[in-house]
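Q: Let me begin by handing over the structure; questions about it come next.
The values are calculated or read from the model by the stated rules, or taken from the named source; none is laboratory data. This one's a predicted model, so the numbers in the text were calculated from it and none came from an experiment. As a convention, Cβ positions derive from the backbone with ideal geometry for all residues, glycine included, and neighbour counts pool all protein chains shown. With ligands, DNA and RNA removed, areas are computed over all heavy atoms of the protein, side chains included. Shrake-Rupley method; radii C 1.70, N 1.55, O 1.52, S 1.80 Å.
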Amino acid sequence: MDHTYDIADTRAYLARMRDMLNVRMADDSHRLNHSLGVARTASELASTYGVDPFLAEAAGLIHDWDKVLTHEELLARAVQYNVSVAGSPSDAIALLHGPVAAVELPQLFGELPSCVFQAVARHTAGAVDMTDLDMVVFVADAIEPMRHGAYADELRALVGKVDLEHLFFSCFSQGISYVISTGRYLYPTAIDIYNHYALSLAHRKGTV
Ligand SMILES: [Fe+2]
Ligand SMILES: [Fe+2]
């Protein structure tokens with residue numbers, strides 16, 4: 001996964017990305033503010049956990065780029081791009097805006113390394129081999145300042161107190177608990193991801 005880039009003025013590049021995001025989300029200030037919040041939070045998490053803050057902020061800005069699309073558009077593009085989903089794509093519409101955007105964004109932001117687009121792809125469903133950047137963006141999506149409630153507060157309290165994998169696992173497992181408690185469809189790979197990180201943390205703690 002490529003993390004290298006040749007962008008001399010990262011502040012100017014981020015400003016251009018924000019300008020493009022403003023146009024993309026002109027009709028939805030809530031989504032725009034969420035994206036700006038995820039970008040800021042991802043940058044802060046990146047500084048805390050030794051990840052490149054520029055790449056984290058860039059990924060945060062564009063993580064919901066394709067959330068402005070309709071369900072029909074997302075489904076059509078997922079089929080067109082051969083986006084691989086477990087189970088039926090129509091059961092996973094809420095997750096498609098990540099991987100669909102990851103196919104399209106390199107054409108708009110070709111100066112960014114591929115790790116940014118992977119983080120965008122993985123912010124919805126996660127993966128068993130999350131990179132640090134993937135985890136930073138995933139967690140930032142859940143704890144940006146506009147997210148309210150005990151769930152977000154508990155995660156915020158962990159920042160800097162536990163390592164990044166632990167923080168991601170707390171975020172991911174709380175997400176699964178929410179999906180189950182509200183009787184929603186659980187994406188099939190969620191169990192594999194949960195178990196992978198549950199075992200990883202247990203091994204590190206020496207409880208397995
Ligand atoms: Fe999203
Ligand atoms: Fe989001």
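Q: Pick out, in residue order, every one of the trypsin sites (Lys or Arg not before Pro) in segment 129-208 that is DSSP loop and has at most 14 other C-beta atoms within 10 Å; say none if there are none.
A: Here the trypsin sites (Lys or Arg not before Pro) that fit, given the DSSP loop and packing criteria, are LYS161, ARG184.
Q: Any idea what the relative contact order of segment 1-116 is, in percent, if you count C-alpha pairs under 8 Å spaced at least 6 apart?
A: It rounds to 31 percent for segment 1-116.
Q: Give, as ranges by residue number, the residues of segment 115-159 whose backbone N falls under 19 Å from the point 7 Å along Cα→Cβ of LYS205.
A: Those under the cut-off are 154-159.
Q: Where does the charge balance sit around ARG31 when Lys and Arg score +1, Asp and Glu -1, over other residues with C-beta under 14 Å from its C-beta?
A: With Lys, Arg at +1 and Asp, Glu at -1, the neighbours total -2.
Q: In addition: Where in segment 107-208 are there GluC sites (Glu not before Pro) that are in a DSSP coil and have at most 13 other Cβ atoms within 10 angstrom of their Cβ?
A: GLU111
Q: Where the accessible area of segment 32-162 is counted over protein heavy atoms with a 1.4 Å probe, how much of it, in %, is carbon and sulfur?
A: Accessible surface attributable to carbon and sulfur in segment 32-162 totals 53 percent.
Q: Can you give the helix-only mean residue ellipticity at 222 nm for the chain, where every DSSP H stretch with n ≥ 4 adds -39500 (n - 2.57) and the sum goes over all residues, rounded to the nearest 500 deg cm²/dmol?
A: Value at 222 nm, helices only: -21500 deg cm²/dmol.
Q: Round to a whole angstrom and tell me the spacing of the C-alpha centers of segment 86-148 and segment 8-24.
A: Their Cα centres are 19 Å away from one another.
Q: Sorted from largest down, give the three principal axis spans of the alpha carbons of the chain, whole angstrom values.
A: Principal extents (Cα only, largest first): 48, 37, 33 Å.
Q: Which value, in Å², gives the accessible area per residue of the chain when a 1.4 Å probe is used on the protein heavy atoms?
A: 49 Å²
Q: Oh, and also: Pairs of Cα atoms under 8 Å, at least six residues apart: use those to get the relative contact order of segment 93-151, whole percent.
A: 31 percent
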